[in-house]
2 protein chains.
Amino acid sequence: MSPAEQPPAPADVRRPTLNAVAARAGVGRGTVSRVINGSPKVSPRSRAAVEQAIADLGYVPNRAARSLVTRRTDSVALVVPEAETRLFSEPYFPGIIRGVSARLASAGMQLLLVLADDEKEYARLATYLSAQRVDGVLMMAVHSDDTLPDRLEELAVPTVLAGRRGDREPLGHVRADNGGGARSAVQHLLARGRRSIGTITGPLDMDAARARLDGYRDALEGAGLTVEEDLIAHGDFTEEGGRAAMRELLRRRPGLDAVFAASDVMASGAVLELRASGRRVPGDVAVVGFDDSIVARHIDPPLTSVRQPLEEMGRTMAGLLLDEIAERGTGRREVVLPTELVVRASA
Amino acid sequence: MSPAEQPPAPADVRRPTLNAVAARAGVGRGTVSRVINGSPKVSPRSRAAVEQAIADLGYVPNRAARSLVTRRTDSVALVVPEAETRLFSEPYFPGIIRGVSARLASAGMQLLLVLADDEKEYARLATYLSAQRVDGVLMMAVHSDDTLPDRLEELAVPTVLAGRRGDREPLGHVRADNGGGARSAVQHLLARGRRSIGTITGPLDMDAARARLDGYRDALEGAGLTVEEDLIAHGDFTEEGGRAAMRELLRRRPGLDAVFAASDVMASGAVLELRASGRRVPGDVAVVGFDDSIVARHIDPPLTSVRQPLEEMGRTMAGLLLDEIAERGTGRREVVLPTELVVRASA
DNA sequence: ATGCCGCGTGGGAGCGGTCCCACGGTCGGT
DNA sequence: ACCGACCGTGGGACCGCTCCCACGCGGCAT
């Protein structure tokens with residue numbers, strides 16, 4: 001009958017509540033709440049007392065309690081299609097996340113990472129995300145036919161995309177100047193005297209891939225050349241896709257002297273294929289990639305590539321989302337950030 | 001005076017509450033709650049009515065309200081030191097995250113991603129994490145002197161680490177068999193007839209780096225060779241560190257015929273340095289790396305490397321944490337997962 | 001002096017769940 | 001036929017916070 005054999009540690013050490021702070025500071029709950037939320041309508045005297053009490057007690061507000069009444073969660077979800085994670089090499093994923101995280105942290109918001117299995121799960125996910133779980137959603141790697149953004153829009157969940165689904169993207173989104181980046185890459189090849197320039201595209205259901213292809217076309221036309229369709233081969237952002245596309249290009253145009261690949265990973269596949277065909281890079285064929293990823297620096301020869309300002313993209317996405325959360329409509333903007341050509345040995 | 005010019009959309013569509021479900025199903029709140037939480041003490045009749053009402057209304061429980069009373073948040077934080085994110089190339093970060101995410105999702109828990117700026121911020125972070133914001137913490141890339149785990153332990157926050165701080169890690173943790181992986185790498189070099197084998201270590205304040213060095217020693221001693229200290233050079237898991245260490249090794253032992261680097265990134269630096277010194281890989285010097293990262297496949301020659309079961313590590317970490325959350329003490333286990341040597345052209 | 005204004009303040013109500021107690025209805029045992 | 005056990009149930013209390021209303025008080029105009 002003795003209570004001797006209770007569990008060793010209570011482990012449920014009750015943290016101080018706002019009430020405790022109020023009692024200790026000798027003020028009412030309302031005043032403590034005002035101090036915490038930075039209301040100006042508090043006398044310096046009360047404010048000091050409350051701040052002292054908070055420090056003494058090590059008080060931290062309970063988020064759940066606050067959320068319950070404010071109907072805000074102070075957290076946003078970053079949705080990443082599961083399938084894409086395999087492609088998330090350095091620097092893309094970490095870069096964006098760093099930017100997002102920094103901006104959110106400065107606003108006191110939390111970042112929820114959600115890997116979405118696939119399109120089928122989107123309905124559940126949309127419901128889930130709209131059920132007052134997050135204040136907004138950031139979505140990466142959108143495809144033209146993604147339905148999640150539409151669902152979220154219906155449910156009035158603030159949403160910002162990395163990239164856009166089409167030319168007229170109603171939702172706020174941030175992207176690199178893919179067209180301009182591709183153009184600078186191809187212009188670089190032209191400046192190096194290359195004239196028979198092929199391109200390996202990404203999956204054309206992604207705007208970034210389409211924009212890079214457009215940039216390729218623009219650069220050629222800007223130089224007074226005509227775009228020849230058999231110099232365009234399609235990849236899927238994978239190395240094997242890059243190899244296959246390169247093989248196809250060589251079959252069609254054995255004499256081409258340069259290739260612009262819409263990603264470094266595909267470019268690395270292209271380099272392997274070029275070498276397998278006995279060609280030298282950049283001697284016979286110059287190669288430019290996109291992303292300035294870790295492989296760009298490590299393959300032989302090191303790859304000339306287009307760099308995106310990833311952290312800034314992340315920060316900007318988070319910023320737009322915070323705007324949209326604060327006031328609907330204000331975050332529905334399109335931000336395009338400049339790219340930079342990093343010249344290395346491959347072109 | 002007319003109310004005509006109100007804001008266009010209310011946007012604050014109140015979601016159905018448990019009360020609404022109860023009313024529609026013609027039962028009390030308690031019964032609805034029981035159904036939602038899978039209590040057996042509900043008649044089939046009531047259960048069916050409630051489930052129908054939930055489906056009709058599209059009801060989703062409010063997490064904040066639930067958290068407030070249960071004192072659980074159904075979410076865990078994944079803490080990543082900001083500095084480390086730069087090193088998170090494929091496949092490490094995405095691999096672990098996929099595993100963690102999968103396991104947590106199956107338990108209905110959320111994943112909070114927290115990038116910690118630095119050690120100084122840990123005090124704030126610990127308080128923050130303990131303030132009923134998360135049920136537990138997963139921590140990556142721990143160093144021997146990391147204080148966050150201690151703080152979390154004091155605060156009784158369930159914690160699981162990727163890797164351990166020292167030989168006797170009191171907290172639950174998951175790691176690859178770093179020693180065994182290194183041993184297999186060096187044994188592979190020995191089997192190829194190499195005898196003067198150097199190693200480039202990681203930062204020795206990380207257990208993984210120490211364990212890999214120990215594995216290197218074990219393999220040599222197991223083959224009846226003595227470990228010569230001037231065949232050991234220290235790196236920091238960066239490419240430049242790998243280059244510098246390789247340079248040092250070549251200065252000390254120009255005739256060495258193999259190198260085991262504790263990471264692929266350092267190995268790639270070593271390869272560059274070897275080539276700069278006029279040596280062929282693997283002709284003159286064989287190289288083995290660790291991580292089977294994306295660079296391993298892309299550098300020339302492709303790198304023989306040690307692969308870790310990343311997704312499984314992630315799943316296991318999440319599993320241990322869930323155990324610990326469910327019952328203190330049960331997740332404080334040490335799990336070591338096997339590695340696999342992936343043989344390519346470099347050794 | 002008297003009234004009024006406005007500032008700073010205390011505290012009641014309520015957010016949407018869970019927990020638990022008390023209650024009515026069956027049913028088996030005596 | 002009566003009693004107690006047990007099962008399913010309804011609903012009050014409460015989690016910790018914000019919102020908002022009402023109140024006291026000092027200073028200014030009248």
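Can you confirm whether A:Asp150 is of a type in the set (Asp, Glu), crowded, with 22+ Cβ neighbours inside 10 Å and away from every other protein chain (no Cβ under 11 Å)? Spell out how you get there, then give the answer.
Numbers: of a type in the set (Asp, Glu): yes; crowded, with 22+ Cβ neighbours inside 10 Å: no; away from every other protein chain (no Cβ under 11 Å): yes.
Criteria not met by A:Asp150.
State all residues of segment B:36-53 that are within 9 Å of DNA strand C (Cβ to nearest atom) and either within 13 Å of B:Leu18 (Cβ to Cβ) or at the interface with another protein chain (Cβ under 9 Å from one of its Cβ atoms) (or both); if no residue qualifies, say none.
B:Ile36, B:Asn37
Does A:Ser89 satisfy being within 13 Å of the chain's Cα centre (by Cα), within 28 Å of B:Glu82 (Cα to Cα) and modelled with pLDDT under 85?
yes
Filter segment B:98-111 down to residues that are in contact with a strand residue (DSSP E or B) (Cβ under 7 Å, 6 or more places away or on another chain) and more than 7 Å from chain A (Cβ to nearest Cβ), then give me how many there are.
The total comes to 3.
Which ones in segment A:64-80 are more than 8 Å from DNA strand D (Cβ to nearest atom) and within 8 Å of chain B (Cβ to nearest Cβ)?
A:Ser67, A:Arg71, A:Thr73, A:Ser75, A:Leu78
Select from segment B:193-226 the residues that are free of Cβ contacts under 8 Å to residues at least 24 places away in the same chain, outside any helix (DSSP H, G or I) and under 18 Å from B:Ala286 (Cα atoms) and list them in ascending order.
Selection gives B:Gly193 alone.
Can you confirm whether B:Asp135 is at pLDDT 85 or above, more than 8 Å from chain A (Cβ to nearest Cβ) and within 18 Å of A:Asp74 (Cβ to Cβ)?
Yes; evaluated as a whole, the condition is true for this residue.
Within segment A:282-309, can you find the residues that are within 14 Å of chain B (Cβ to nearest Cβ) and at pLDDT 95 or above?
Those that are within 14 Å of chain B (Cβ to nearest Cβ) and at pLDDT 95 or above: A:Val287, A:Gly289, A:Leu303, A:Ser305.
Determine whether segment A:114-129 contains at least one residue that is crowded, with 16+ Cβ neighbours inside 10 Å, more than 9 Å from every other protein chain (Cβ to nearest Cβ) and part of a strand (DSSP E or B).
There is at least one residue in segment A:114-129 that is crowded, with 16+ Cβ neighbours inside 10 Å, more than 9 Å from every other protein chain (Cβ to nearest Cβ) and part of a strand (DSSP E or B).
Name the pairs whose Cβ atoms lie under 7 Å apart, with the first residue in segment A:265-281 and within 23 Å of A:Val306 (Cβ to Cβ), the second surrounded by 20 or more Cβ atoms within 10 Å (Cβ to Cβ) and among the aromatic types (Phe, Trp, Tyr), and 6 or more positions between them or separate chains?
Qualifying pairs under 7 Å: A:Val265/A:Phe237; A:Met266/A:Phe237.
State whether the residues of segment B:54-71 include one that is touching a residue at least 60 places away in the same chain (Cβ under 8 Å) and within 11 Å of DNA strand C (Cβ to nearest atom).
Yes; the residues of segment B:54-71 include at least one that is touching a residue at least 60 places away in the same chain (Cβ under 8 Å) and within 11 Å of DNA strand C (Cβ to nearest atom).
Looking at A:Ser263, A:Ser293, A:Ser346, which one is buried (at least 17 other Cβ atoms within 10 Å of the Cβ), out of contact with any strand residue (DSSP E or B) (no Cβ under 6 Å at 6 or more places or on another chain), outside the structural domain of A:Val137 (by TED's automatic domain parsing) and not basic (Lys, Arg)?
Only one candidate passes the filter, namely A:Ser293.
Filter segment A:18-40 down to the residues that are more than 9 Å from DNA strand D (Cβ to nearest atom) and exposed (fewer than 12 other Cβ atoms within 10 Å of the Cβ), then identify the one that is farthest from A:Val69 (Cα to Cα).
Only one residue fits best here, namely A:Gly26.
The values are calculated or read from the model by the stated rules, or taken from the named source; none is laboratory data. Model, not experiment: these values are computed from the prediction. Here Cβ is always computed from backbone atoms with ideal geometry, including for glycine, and neighbour counts include all displayed protein chains.
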